[in-house]
Structures are given as C-alpha cells and as structure tokens.
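J.: Could you have a look at this structure, given as structure tokens, before my questions?
FYI, it's all coordinate maths here, none of it is from the lab. Keep in mind that this is a model prediction, so the values were computed, not measured. Here the Cβ positions follow ideal geometry from the backbone for every residue, glycine too, while neighbour counts run over all protein chains shown.
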Amino acid sequence: MPTCRICGTPLHTFLDLGHHPLSSAFPAPAEAPGAACDAFRYRLAVGRCERCALVQLTDDIPHGYRPYPGYPYHSSGSTVMREHFRATGRHLLRTELSGTHTPFAVEVGCTDGVVLRCLADAGVRTLAFEPSGYTGHGGIRVHRAFLTAASAREAVAAEGPAQIVYAANTVCDIADLPGLFAGLDELLAPGGVFVFEDPYFGEIVGRTAFDQFYDEHRYYFTATSVRALAERFGFRLVGIERLPVHGGQLRYTLARAGRRPPSPAVAELLAEEAGRGLTDPAVLAAFAGRVDGVREDLVALLEELHAAGRTVAGYAATAKSCTVTTYCGLGPHLIPYICDSTPAKQGRLTPGARIPVRPPDAFAAPYPDYALLFAWNHAAEIMARERAFRAAGGRWILYVPGVRVV
Ligand SMILES: [Zn+2]
C-alpha cells in the first residue's frame with residue numbers, strides 16, 4: 001500500500017488515471033512504439049495522507065530525469081508569466097527585502113531566472129540552487145546542487161544567511177522535502193522567510209483540472225497540508241496569497257516558529273478548506289466522478305466531430321496534454337497534430353499518444369475547424385493572439401472546468 005512521503009501513513013487513493021508515459025518523453029517519429037524514452041509507464045494515481053492531509057502521487061517515478069539539459073520549459077516563455085515573475089520580484093523587494101542592508105536572496109530551481117534578475121537589478125545579491133545542466137539563467141549565479149543542509153552550509157560560508165528563499169513550481173516536485181527543510185534551516189537568517197508558489201489543490205478540485213496531475217508534480221498542496229508540513233520541520237505558515245496564473249496557484253510564506261504572526265489570510269483559507277471538506281473522502285469521490293465525466297464528454301465530442309468530417313488540431317503540447325491524451329485514449333485518429341512553440345518538441349511525437357508536434361505556423365496553414373486548447377491556463381493570452389482563427393470560423397474546445405466549444 002502506498003504511504004505518505006512525509007509521515008509514512010497509508011495513502012487513501014481517490015483518483016487513478018491509469019498508466020502514463022513521462023510527460024516530457026517526446027520520441028522522434030523514427031523511434032518504434034515502445035522504444036527508448038517512449039517505453040516507460042507509471043501509474044498516475046493520486047492519494048491523500050490520512051494523517052497530514054498531503055495530497056500526492058501514489059507511485060514514485062524511478063528515474064533521476066528532470067529537468068534535463070534542453071528541458072523545454074521556460075518560466076517566462078509566456079508574456080503573462082514573464083510579467084507575473086517580474087511582479088513577484090517587485091513584490092519581494094517591497095515586502096521581504098526592504099530595509100535590509102546588503103540583502104541576499106536565493107531561488108530554488110530558477111529555470112530562466114526572471115525573478116532573481118529582477119532582484120539583482122535592484123542591488124540584491126542572488127544565488128540559484130539548480131541541479132540541472134540548464135544554463136539559460138540570464139547571468140544569474142547558479143549553485144549546481146539541490147538545496148540540502150550540506151549545500152546550504154557552503155552557501156552560508158560564502159555569502160552569509162539569506163533573507164529570503166523563493167521557489168516557483170518547484171517544491172511540488174522535490175522528492176526529499178525533509179532535505180529541503182534542513183537546507184532552509186541552515187540557509188535562512190533568523191527572521192528570513194521561505195516563499196513558494198505551486199498549483200493549488202483547491203483549484204484543481206474546484207475546476208476539475210485533472211490535467212494538473214502528471215509526473216513532474218509529486219505534491220498538490222493545500223493551506224492545511226502546508227501548515228502541517230511547515231510545523232513538522234520547525235516552521236510556520238504565516239502568509240498566503242492567491243495567484244491567478246497556471247489555472248490557480250497559491251503563494252505560501254513560511255517563517256521560523258515564533259518569528260512572525262500569521263496573516264489573517266491564513267486563518268481564512270484554513271477555514272474555507274475545512275468548510276469545503278476539501279480532502280474529505282466524499283468530496284474527493286465526487287471530484288473523481290467529475291473527472292470521468294469530462295473524459296466521456298471530450299471523447300464523445302471529438303468522435304462526433306470526426307464522424308462529421310471536421311478537422312481538429314491540438315494547441316500546445318503541454319505536460320498537461322499528456323495526461324489528457326493518455327487518460328482519454330486520444331491519438332492521431334482524432335487529433336492529427338498538435339501545434340507548439342517549443343522547438344525541442346517540434347518534429348517529434350507526443351508521449352504515448354504519438355501525435356505529431358508541428359510548429360505554430362502550421363496552425364494557420366490551413367486553420368483546422370476546431371482547436372483543442374491544452375494550454376487552457378493561458379486561454380485569454382492565446383485566444384487574443386489567435387483571434388484570426390476565430391475570425392476565420394474556427395472554434396476552441398476547452399475541457400476545464402467542463403467540455404465546451406467557444
Ligand atoms: Zn502524511
């Protein structure tokens with residue numbers, strides 16, 4: 001029986017989406033099905049810890065794989081995300097770093113470094129802990145290691161303690177959370193804070209956004225579970241902000257115990273989660289039922305369009321698209337191609353479903369009748385950019401929170 005990665009208590013599995021390929025394993029067309037990177041499958045199932053309420057994938061993915069050199073995700077690739085990270089940098093300067101003489105800020109897993117760049121431009125000393133070989137850090141200094149007690153001691157010896165450690169879309173994928181907290185304990189100044197943002201499980205349930213479940217997200221946090229996690233390691237949850245990006249994220253602020261009173265937003269969200277019964281078995285069972293319903297509706301719509309001779313293309317070969325195509329059993333028969341702006345994916349096939357990935361130019365040459373929007377979290381930005389598609393009679397298919405054509 002799967003157990004909680006933090007406290008060892010058995011997990012209650014409430015959603016099982018079947019066996020999935022790795023969401024970043026895009027085979028070349030010449031690779032036979034089942035060859036090389038395309039062969040691996042893991043069970044994509046989600047459970048809730050009966051004791052600490054932490055929602056997590058039930059199965060471990062046995063590889064030391066992500067992110068790899070050439071990793072196709074860039075945190076600032078979207079205009080909305082670039083502006084979000086710049087605003088985050090300004091926010092941290094205003095709140096946590098104002099009034100500190102020669103402040104030192106650390107980011108865990110900084111991808112292309114937008115937040116640290118913003119801080120460095122304001123005179124803050126910065127350092128990223130980034131174990132991958134990825135080098136697109138915009139001139140930011142990088143310590144090629146996970147943040148652990150040992151690597152934190154090295155950084156403190158060279159730089160002194162940090163006023164802030166920040167992480168975006170990273171903590172949800174860190175296998176060794178005890179190691180991370182040991183590193184934070186070494187690295188943070190006594191009054192320092194750990195600020196991190198990740199997809200919010202409350203939004204996933206509220207929107208039936210089951211495609212947020214994939215191999216690179218091990219944990220799906222709530223205020224309730226983050227409070228328990230922080231307290232287990234000597235920290236306290238003292239701040240919470242709701243962020244509109246990525247289909248609904250939360251930004252959590254953790255401080256050492258006794259250093260800072262929690263903001264009113266913390267108690268408010270804890271009460272809201274308790275009122276919703278967010279991780280109660282009946283609520284989770286209802287959520288799993290809605291996920292099934294989305295699959296039925298989406299498959300029925302795509303088969304109906306296919307039977308009527310309509311063309312359907314996918315838009316954005318995201319990690320989320322891998323969960324959708326695999327769980328719904330969609331392949332080139334119903335979606336002949338997916339357009340995506342990431343050069344590393346173009347000319348390849350999507351994981352498992354083996355749907356060809358084409359560059360963005362292919363979208364208009366000619367436009368399909370319908371486009372299934374896998375990057376629904378960027379819907380407003382994409383629909384504005386692709387307004388000629390709708391003007392030409394094209395229609396978008398969305399599946400979050402339910403299947404609809406717009
Ligand atoms: Zn637990």
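J.: Using helices alone, I'd like the mean residue ellipticity at 222 nm for the chain: each DSSP H run of four-plus residues gives -39500 (n - 2.57), total over residue count, nearest 500.
T.: That comes out to -9500 deg cm²/dmol.
J.: Okay, moving on. Among ALA362, VAL115, VAL291, whose Cα projects farthest towards the positive end of the dipole of the chain, with charges put on the beta-carbon of Lys, Arg (+1) and Asp, Glu (-1)?
T.: Selected residue: VAL115.
J.: Turning to a different aspect of this structure: Residues in region 208-242 near a label at ALA257, defined as backbone nitrogen under 13 Å from the 7 Å Cα→Cβ point?
T.: Under 13 Å, as judged by backbone N against the label point of ALA257, lie 228-237 of region 208-242.
J.: At what distance in nm do the modelled label points of VAL80 and ALA392 sit from each other, each positioned 7 Å from its Cα along Cα→Cβ?
T.: For the pair VAL80/ALA392, the computed spacing is 2.3 nm.
J.: Round to a whole angstrom and tell me the spacing of the C-alpha centers of region 210-260 and region 325-369.
T.: 34 Å
J.: Can you list the trypsin sites (Lys or Arg not before Pro) in region 113-215 that are in a DSSP coil and have 14 or fewer other beta carbons within 10 angstrom?
T.: ARG141, ARG144
J.: If you put +1 on each Lys and Arg Cβ and -1 on each Asp and Glu Cβ, how big is the dipole of region 308-377 around its Cα centre, in Debye rounded to 20?
T.: Numbers: 6 positive and 3 negative charges, 35 e Å.
Dipole of region 308-377, to the nearest 20 debye: 160 debye.
J.: Follow-up question, since we're still on this one. Calculate, in whole percent, how much of the Cα-Cα pair population of region 305-378 lies beyond 16 Å.
T.: I get 42 percent for the Cα pairs in region 305-378 exceeding 16 Å.
J.: Oh, and also: Reported to two decimal places, what Rg/Rh ratio describes region 79-281 when computed on Cα atoms with Rh from the Kirkwood expression?
T.: 0.94
J.: Might you report the magnitude of the Cβ-based charge dipole of the chain about its Cα centre, with Lys and Arg at +1 and Asp and Glu at -1, to the nearest 20 debye?
T.: Dipole magnitude for the chain comes out near 560 debye.
J.: Can you work out the PRE-style zone for ARG385? Point 7 Å along Cα to Cβ, and I want the residues of region 213-256 with backbone N under 17 Å.
T.: Only 245-247 fall inside the zone, counting backbone N under 17 Å.
J.: Now a separate question. Which percent of the Cα-Cα distances in the chain go past 40 Å?
T.: Above the 40 Å cut-off, the chain has 16 percent of its Cα pairs.
J.: Between GLY179, GLY192, GLY123, find the one with the highest GNM mean-square fluctuation for the chain; connect C-alpha pairs within less than 10 Å.
T.: Residue with maximal mean-square fluctuation among GLY179, GLY192, GLY123: GLY123.
J.: Estimate the FRET efficiency between GLU50 and PHE233 by the formula 1/(1 + (r/R0)^6), using the beta-carbon distance for r and 22 Å for R0, to the nearest 0.05.
T.: Given R0 = 22 Å and the Cβ-Cβ separation, E is 0.65.
J.: About its Cα centre, what dipole magnitude does region 79-281 give when the only charges are +1 on Lys and Arg Cβ and -1 on Asp and Glu Cβ, stated in debye to the nearest 20? All intermediate terms of the calculation are to be shown ahead of the outcome.
T.: On the way: 20 positive and 24 negative charges, 121 e Å.
Roughly 580 debye for region 79-281.
J.: For LEU11, what residues show an amide H to amide H distance below 5 Å, using hydrogens built from the backbone and excluding near sequence neighbours?
T.: Amide H neighbours of LEU11: THR3, CYS4.
J.: Positive end of the dipole of region 73-211, charges at C-beta (+1 Lys, Arg; -1 Asp, Glu), about the Cα centre: which of GLY206, THR95, ILE164 has its Cα farthest in that direction?
T.: The one lying farthest along the dipole's positive direction is THR95.
J.: Let me ask another. Please report, in whole Å³, the volume per residue of the convex hull around the C-alpha atoms of region 241-337.
T.: 149 Å³
J.: Report the FRET efficiency, 1/(1 + (r/R0)^6), for ALA39 and ALA150, where r is their Cβ-Cβ distance and R0 is 45 Å, rounded to 0.05.
T.: Result of the calculation: an efficiency of 0.80.
J.: Among GLY331, GLY277, GLY89, whose mean-square fluctuation peaks in a Gaussian network model of the chain (Cα, cutoff 10 Å)?
T.: Maximum fluctuation in the GNM of the chain, among the listed residues, is at GLY277.
J.: So, counting K/R as plus one and D/E as minus one, what does the shell of residues with Cβ under 13 Å around THR95 add up to?
T.: On the way: positive: ARG90, ARG94, ARG251, ARG260; negative: GLU96, GLU241.
Local net charge: +2.
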